[in-house]
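The values are calculated or read from the model by the stated rules, or taken from the named source; none is laboratory data. Computed from a predicted model, the values in this text were never measured in an experiment. Here the Cβ positions follow ideal geometry from the backbone for every residue, glycine too, while neighbour counts run over all protein chains shown. Heads up: the accessible areas ignore ligands, DNA and RNA and are worked out on the full protein's heavy atoms, side chains in. Shrake-Rupley method; radii C 1.70, N 1.55, O 1.52, S 1.80 Å.
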Amino acid sequence: VLGRRLADARDIPFLDLDNIILEREGRSAADLVAEDEPHFRRLERETLQEIAQNSRPAVIAAGGGCEAWPHGIRTIWIYREGWEEDALRERRRLRPDLSPEKEIAWMKEIREERYRRAAHLCLHIERGCSENEASRRLVFLANWLSEAAGSPGLKKSWVVPRDPGDLLRAEADVRLFGYAGVEIRSDVFPDPPEPGVPWLASLRT
């Protein structure tokens, strides 16, 4: 619902990744996951990459279990308080061998860290927040991300990768938002890499 409202506000298409897969495969995401989750996750990544490479602007809603997001797209993580109850009540259990409590703990440990690394911003929706207010906040964040690109402040700022595996994402963000470049810290990169964007060597002891 929030994604559709954002798309309407920006007058661009809304694309639901699970629905696109349903149209192509003739089977729902839930059925595909139940049959062969690794195959579905691979299909999900490939489909999302294909959509993201389309030059047409769009709002893309990815499923909760999505494992990877393409570099070079603006990403907002929507975190809604109380999602745990809905997850157990409204969807098929992926890991019935685990207790409900352990399955939720697994989702928090694995998925939330994945979202945290992928997202440029997080929209936190507290309990009791109306749909209209949540939509207003999402539109505000999306507009802020768009307007920030190429701003004078970002042109003087350097992106610091969390770890060597984050370098490609950092380079993509430099191109996407117009940062000055990537800061290569010696405590993160023991051996200097060869970035594809301007970089600043930073010696840390």
Taking segment 96-124 and keeping residues surrounded by 13 or more Cβ atoms within 10 Å (Cβ to Cβ), over 14 Å from the mean Cα position of the chain (by Cα) and of a type in the set (D, E, K, R) leaves Glu103
Residue by residue through segment 23-40, note down the ones that are out of contact with any helix residue (DSSP H, G or I) (no Cβ under 7 Å at 6 or more places or on another chain) and either at positive phi or open to solvent by less than 70 Å² (accessible area, probe 1.4 Å) (or both).
-> Gly26, Ala30, Asp31, Ala34, Asp36, Glu37
Thr47 passes all but one of (1) out of contact with any helix residue (DSSP H, G or I) (no Cβ under 8 Å at 6 or more places or on another chain); (2) assigned to a helix (DSSP H, G or I); which number fails?
-> (1)
Do we have Leu176 as among the hydrophobic types (A, V, I, L, M, F, W, C), touching a Gly at 6+ places or on another chain (Cβ under 8 Å) and touching a residue at least 60 places away in the same chain (Cβ under 8 Å) here?
-> yes
In segment 9-22, the residues that are part of a helix (DSSP H, G or I), farther than 18 Å from Ser130 by Cα and open to solvent by 40 Å² or more (accessible area, probe 1.4 Å) | Arg10, Asp18, Asn19, Leu22
Restricting attention to segment 41-85, report how many residues are at pLDDT below 90, open to solvent by 40 Å² or more (accessible area, probe 1.4 Å), farther than 23 Å from Phe140 by Cα and of a type in the set (D, E, K, R).
-> 2
Considering segment 139-160, residues that are among the hydrophobic types (A, V, I, L, M, F, W, C) and more than 17 Å from the chain's Cα centre (by Cα), and then whichever is surrounded by the most Cβ atoms within 10 Å (Cβ to Cβ), we arrive at Val159
